[in-house]
Structure formats: structure tokens, C-alpha cells
1. May I ask you to list pairs of residues, at least six apart or on different chains, whose Cβ atoms are under 6 Å apart, with the first in region 235-248 being free of Cβ contacts under 8 Å to residues at least 60 places away in the same chain and the second being of a type outside the set (D, E, K, R) and near the ligand (Cβ under 9 Å from one of its atoms)?
2. For region 483-500, which residues satisfy the criterion of being touching a residue at least 40 places away in the same chain (Cβ under 8 Å), under 17 Å from the mean Cα position of the chain (by Cα) and under 21 Å from G248 (Cβ atoms)?
3. Considering each of D218, D286 in turn, give the residue that is more than 16 Å from the ligand (Cβ to nearest atom) and out of contact with any Gly (no Cβ under 8 Å at 6 or more places or on another chain).
4. Name every residue in region 223-273 that is under 20 Å from P174 (Cβ atoms), within 9 Å of the ligand (Cβ to nearest atom) and not in a helix (DSSP H, G or I), in order of residue number.
5. Within region 418-502, considering only strands (runs of 3 or more DSSP E) that don't extend past its boundaries, which have at least 1 residues that are more than 19 Å from A293 (Cβ to Cβ) and in the same structural domain as E127 (by TED's automatic domain parsing)?
6. Considering only residues that are in contact (Cβ under 8 Å) with a residue 60 or more places away in the chain and of a type in the set (G, A, S), look in region 338-376 and name the one that is farthest from A11 (Cα to Cα).
7. Hey, G274 hits all of (1) buried (at least 16 other Cβ atoms within 10 Å of the Cβ); (2) out of contact with any Gly (no Cβ under 7 Å at 6 or more places or on another chain) but one; which does it fall short on?
8. Identify the residue in region 355-392 that is of a type in the set (F, W, Y) and over 26 Å from the mean Cα position of the chain (by Cα) and, among all such residues, is nearest to E50 (Cα to Cα).
Amino acid sequence: MLKHLLEKNHAFWQAEAKNVRIETGLYIDGVYRDGADRHTLETVNPVSGEVIGELAIATKKDVNEAVASAKQAFKTGVWSHISPRKRMEVLFKFADLVEKNAAKLTVLESLDMGKPVTRVLTADLPEVISTIRYFAECIDKTEGAVTNTDSSAFHYILREPLGVVAAISPWNFPMMLAMWKVIPALAAGNTVVLKPAEQSPLSCLFLAELFTEAGAPDGVFNVINGPGEISGKALALHMDVAKICFTGSTEVGRLMMVYAGQSNLKKVSLECGGKSPQIILADLPDLDEAVDAAIAGIYANSGQVCSAGSRLLVERSIHSEFVKRFTEKARTAFIPGDPLDPKTTMGPLVSQSHFNTVMSYIEKGKNEGATLLFGGDKPEGFNGGAYIQPTLFDNVTSDMTIAREEIFGPVAAIIPVNDADEAIRVANDSIYGLGASVWTRDLRKAHKMVKEIEAGTVWVNCYGDGDATQPFGGYKQSGHGRDRGMGCLLSYTQTKSVWLKL
Ligand code: NAD
């Protein structure tokens, strides 16, 4: 659907970047505005270090206004009470506008977060558009129920929206992860205040503007900017917010539950960190296919993926052949470069400070005795910008820091295992449980392992595949609640039981 843009060259994207209109205000009640205290925050291009905008910071007063606007829009019923068909029409129009404005959204995402334009066009944007269309289609398929009672009563169960939903999202897939929350919440009839990550809010601000253009009433979808501890905290503590849906680190996820407890017991759903295992067994169908999937599974998006398959649990009998082929392929699988160049497939990390964090994990890996097979530094010729080469450690053990903590960069750790049983023990030896894969030709073994692995998604003979119908979320400290799928839309509703005496 975005094919025409995939044919554009570097010069086209540079020109788009030069001319793009960048909005940095707070989008409240259908208009951009400054923050009440006029405090601002720089948003920086991670390739050049250049400041691309001074974002208005939402302090408590602005957060109150954004929530008041969403509350008013909810109470008046301009969104929640209209016919399902009407809400569907707005969402379908919104999807069309996203498609129409794909070039601008691509450039904003690329400048703000360092994501290669090719990746935005082949992964993030198609996912945003299909998410909008999928949940639009779900709207008039959502039903209540009538239960069986004796003839003295009539009992039915209504499904109603919650009210004002606060969405708090991270920087690694700025548009996509925000829309995984905002769209089902809106589809269910709620109104929304979104606080995107302060590193990369530009695409989400523009999306809110497009939602208004699609015909949504003012106040239905608001976006505020600012640091988590200021704007995010004020939003999560707000007494008029009915639910927080959060994607981000486990550490901040914990705070969301505290804020809910300290305020109005709002509902909380959390999509948090991961340390996902890719289990490569000797009886796999095709080693090259597994190697390709493992490489994409850890290095795509420069490793900044919650479900990155960062632990490679490889059966010892194929270990040396796996390492050989992985090393050969990984060296050339990604082309680092200017994210605006369509040939680039690996951009920088989101910021210099995140670069420093990832480098400190690489040092820990070396100091704790893992074998660095390749990478571990900037790619040649990339002294500026927060670039890191794909990096592979071998002979990692489960107790090492690089096997336990989420690095959120292009760093893979091979943990050799003797067999499937040991693989399951190692896979589950983690506080996280977001994703996992199993590579085997033996279907019985695969099904048995699927049941034993503690993870929200298990891929068999692939990694990272899926679509809008697939519930996505974590076991254990990777969070609770699910994005995507019909159940996700229902999680933005509550039931009302109506018992009528006849
Ligand atoms: P983060 O937790 O630092 O920030 C996430 C969001 O929370 C941001 O908008 C931030 O401003 C806000 N925030 C931070 N402190 C806050 C506070 N005290 N109160 C309220 N809001 C606050 O995460 P990040 O660095 O933006 O993203 C990376 C993390 O996100 C990784 O751990 C990654 O695994 C996780 N993640 C999870 C998923 C998933 O679906 N499970 C998807 C993507 C990213």
C-alpha cells in the first residue's frame, strides 16, 4: 500500500525532511497550544545531535486541561453515544489519511527516533494502518449478552466504555505502540489522553491532528508531551482517568500500579520489558532459515525491541555450525547509514545516553567472561551518531548480567544447551516472559515446549511474525494485559449487568 514511497530515493527524503512542518505544542481539545508554564524540552535527531524541536512540556495544569477535555468529550456522548457505524467511518477515514500522509509521518519518525525510512514504510506504518482498520472493523461486532433466567426476570449484560483512558508509550516504535493502545480504546468508545515518550512524540502529535481531520470531535484524542516524572506521573495519578495503558520499562510499569493505588484504583495494563529466548534445537527444519530469523529477531530496529530474541539457546550438537553461519550472515545483514537513505537498514540508537547504557552492558559481558565474537563497537566510519554494530557473545551463562537484564540494543547472547529440557529451564530462568521461539521439526516436542515456556507469545519455526488478531503481551514481569486482538478492545470496556423483574 505504500509501494510508491518505497521507490523514492535519498534526495527525496532529504527534501521532505528539510520542508517538514514540525508541531511541538500540546494537542488538547483539537488545537495545538503551549504549556501553561511555558517550559520546554529539546527533541534531538540521534544521527546529527541536532535539536529538531522545542517541545511544550505539560505540567499539572495542562494535564488537568487535557483530561478535562477528554472527560467533557466522553460525558457529552459525542463519541461514546454515536452509532457504531459512525465511529467506524471516522476510524476508516483516519486510516486513509494516515496512508495519504505516509511520507510526512515517515520523515517525522525517522528524524525524531533515527528509524530508517525503509523500516517505517515496511513495518511500522503498515502496522499502524492495519491496527486502525482492524479495530474499526471490530466496533459493530462487539456485543453484550442475554442470559437464561426463569420467566420472572430478564437479565442482560451491557458492554460500556470506561471513560478517559491515559496511554503512556515508549520511543522504540513511537507511532505503532501508541496506536496499539489508542485505537482500541477509541474504538470501544472511550476518549484518550496520550503521553508519548519525550524522545519521539512528533509523529503522534501529527496523528492526533489527522484524527480530528477524519471527523472526530474535539477532545476525543489529546496528546501531551513531557518527561515521564512530570507529565506522565500527573496523568497516571489523575482522579478522572479510568485506565492507564502503559508500554515501557518494567521499572516504570511498577510505578503505574503504585499511582493507581495512590489515586482512584484506575485499571492498569502493562506491556513491559523482555529477555526473550530463541531456542534452536538440532532437529530444526532448516538451519539457514533459523539463522536468518534469529538475526532479524535480535538486530532489527537496532535491537530496540521489547520482544527482541536476545538469548540464543542453541543445542550443543549444532552450536559451532550455527555460530559459523550466524557470524557470516550477521556481518552483512544490516547496512548502517543515514536513516533517510532508503538503502539504510540499521539506524542509530535513540540517543547518546542510551548508546552509553548499551556499551556498558557490552563491557559487563566481556568482564564477566563471555566471549565476544563480533561487534561491540561503532561501525567503521560512524564516529558521530549513536550507532552500534550488531554484537554477538558466545559461551554466556544464565547468571551473567547480559543474560539476565534487558539491554535494548543489538546485542545477542548465545547460551549453549544440551537438550530441550535444559532449554526450557534456561528459557524460564528470567523475571521476564514476553516472547520465545522454538525451532524443531518434531511437532510433539514443539507443542510440549509451547506449554512449558512462560511467555505471552511462542513462535514455532519463525520469530516475530503476527498480525492484528494476535494478542501481544507478557507473562511474569513483562506485564499484564494484551495489545491487539478482540480481547484488547474488550479490555477497554466494562460490563453492566441489568436485572429486570418482570
Ligand atoms: P520508559 O519506561 O523509560 O518510558 C516509557 C514511558 O513512560 C515514556 O513515555 C516515559 O516518559 C514514561 N515515564 C517514565 N517515567 C515515568 C513516571 N515516573 N511516571 C509516568 N510516566 C513515566 O521506557 P522507554 O525507555 O521509553 O522504552 C523502553 C522500554 O519499553 C523497554 O524496557 C522495552 O522493553 C519496553 N517496551 C515494551 C514493549 C511491550 O510491548 N512489552 C514494547 C516496547 C517497549
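1. Hits for this filter: L237/Y259.
2. Those that are touching a residue at least 40 places away in the same chain (Cβ under 8 Å), under 17 Å from the mean Cα position of the chain (by Cα) and under 21 Å from G248 (Cβ atoms): D483, R484, C488.
3. Working: D218 fails: out of contact with any Gly (no Cβ under 8 Å at 6 or more places or on another chain).
Step by step, each of D218, D286 is checked, and only D286 is more than 16 Å from the ligand (Cβ to nearest atom) and out of contact with any Gly (no Cβ under 8 Å at 6 or more places or on another chain).
4. The answer is G226, P227, I244, F246, T247, G248, S249, L270, E271, C272, G273.
5. Details: elements: 435-439, 457-460, 493-501.
Output list reads 493-501.
6. Among residues in region 338-376 that are in contact (Cβ under 8 Å) with a residue 60 or more places away in the chain and of a type in the set (G, A, S), the one farthest from A11 (Cα to Cα) is S351.
7. (2)
8. F382
The values are calculated or read from the model by the stated rules, or taken from the named source; none is laboratory data. Everything numeric in this text was worked out from a predicted model, so none of it was measured. Cβ atoms come from the backbone with ideal geometry, glycine included; neighbour counts cover every protein chain shown.
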